[in-house]
Amino acid sequence: MNCPSHVTRLAPSPTGALHLGNLRTFLVNHLMARQRGWRMLMRIEDLDGPRIKPGATENLLDDLRWLGLSWQGEPVVQSQQLDAYGPALEALVESGWAYPCSCSRRDIEQAAGAPQQGDDATIYPGTCARRSPEEVQALAGSENRPAWRLRVPDEPVTVDDGFLGRRQFCLTRTCGDFVIYRNNGLPAYQLAVVVDDAAAGVDVVVRGDDLLESAARQIHLRRLMGLRPEPAYYHLPLVVGPDGRRLAKRHGDTRLATYRQAGCPPQRMLGLLGYWCGILDRRREAEMEELEQRFDLDRLPQEQVVFGPEDDAFLHA
Ligand code: GLU
């Protein structure tokens, strides 16, 4: 199927060097785009203040090019277009869906009782959602800048995922009213993604399944902002370590840059990733063209990929 009108994007966060986990997701996004004729864009998601590492953007773009990934046009860098996000917040405040919040993390934890499992650790108990219009006005204009939260709907939000199938999320139970602007004056991830995807005409999103619940938040936001239809979503299982936890530093140095410096050629890296994607039946070197020709989403394993010593040894061979 060739649909030249579709647009997708790679949206790395320069919080450190690329490791094998995000690389596999990026590769699948690339292969799907190539096979289906989607336009590929690049967006650098660098609003997550302290976690952003200097120089990481250049390094990660270099790593991706080295592997053979490509995109059209210049990368969009979120920190360089901060004016883009304010109007969305204003409209949501205007419609009554967004409200200022002065709660500290500690306030929220205390009000919510024991922390819940999950990415956000706690469900926002709605403390600031019930303020009077006068209080809201005072808070919005106060010297101590508030954060801004978005009210979530009572009814479940459905995510129709092209890989995982149909999933429903009741946002009152997964996160509660969530932050769309932080008290440092920067847009939060959820709002930034929606604004940027809409501005670029992105209608296909391929990313890790740790963001599946975020898709429900983003669908809710998009509806409030009058953005329809929803993008096609493909959330892919993550790469984990032998302990079943998401691949990270604790599993050793699995950064692409490290293997690259140790002499691993791109074909070897692609071979491992291709094997993990169900394209190759064993670890062996492969060219990007072969992966582009043979990739089949139906053969992508449904379960998480476990990174083990054989994988590390193959890349160091
Ligand atoms: N920047 C996010 C990440 O690196 C991806 C966001 C997205 O694809 O929506 O996990």
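Taken together, the values in this text are just the output of simple stated rules run on the coordinates, not laboratory data. The model shown is predicted, which means the values in this text are computed figures rather than measured ones. Glycine also receives a Cβ, built like all others from the backbone with ideal geometry; neighbour counts cover every protein chain displayed.
Give the Rg/Rh ratio for the stretch 210-317, taking Rg as the radius of gyration of the Cα atoms and Rh as the Kirkwood radius, to two decimals. Don't skip to the answer; put the middle values down first.
Values: Rg = 17.0 Å, Rh = 16.0 Å.
Rg/Rh: 1.07.
Would you please give the residues with an amide H less than 5 Å from that of residue 236, counting only those at least 5 places away or on a separate chain, with H modeled from the backbone geometry?
Those qualifying (amide H under 5 Å, at least 5 residues apart or on another chain) are 207, 208, 209.
Which residue, 220, 308, 198, has the largest displacement toward the positive end of the dipole of the chain when charges sit on each Cβ (Lys, Arg +1; Asp, Glu -1)?
308
Note down, for the chain, the three equivalent ellipsoid semi-axes (square root of 5 times each alpha carbon gyration tensor eigenvalue), biggest first, whole angstrom. Could you put the intermediate results ahead of the total?
On the way: eigenvalues 269, 86, 72 Å².
Ellipsoid semi-axes (Å, largest first): 37, 21, 19.
Which of 269, 225 has the fewest other C-beta atoms within 10 Å, and how do the rest follow up to the most?
Details: 269 24, 225 17.
Taking fewest neighbouring Cβ atoms as first place, the list is 225, 269.
Two decimals, Cα atoms only, Kirkwood Rh: what is Rg/Rh over the stretch 1-155? List each step's numbers first, then the result.
Numbers: Rg = 20.1 Å, Rh = 18.9 Å.
In the stretch 1-155, Rg relative to Rh is 1.06.
In bins 10 Å wide, starting from 0, what share of all Cα pairs of the stretch 115-236 does each bin hold, as a percent?
Going from the shortest bin to the longest, the percentages are 12, 40, 34, 12, 2.
Please quote Rg/Rh for the stretch 170-211 to two decimal places, taking the Kirkwood radius as Rh and restricting both calculations to Cα atoms.
Value, to two decimals: 1.02.
Expressed as an acute angle from 0 to 90° and rounded to the nearest 10, what is the orientation of the C-alpha long axis of helix 20-36 relative to the principal long axis of the chain?
Between the helix axis and the principal axis of the chain, the angle is about 80 degrees.
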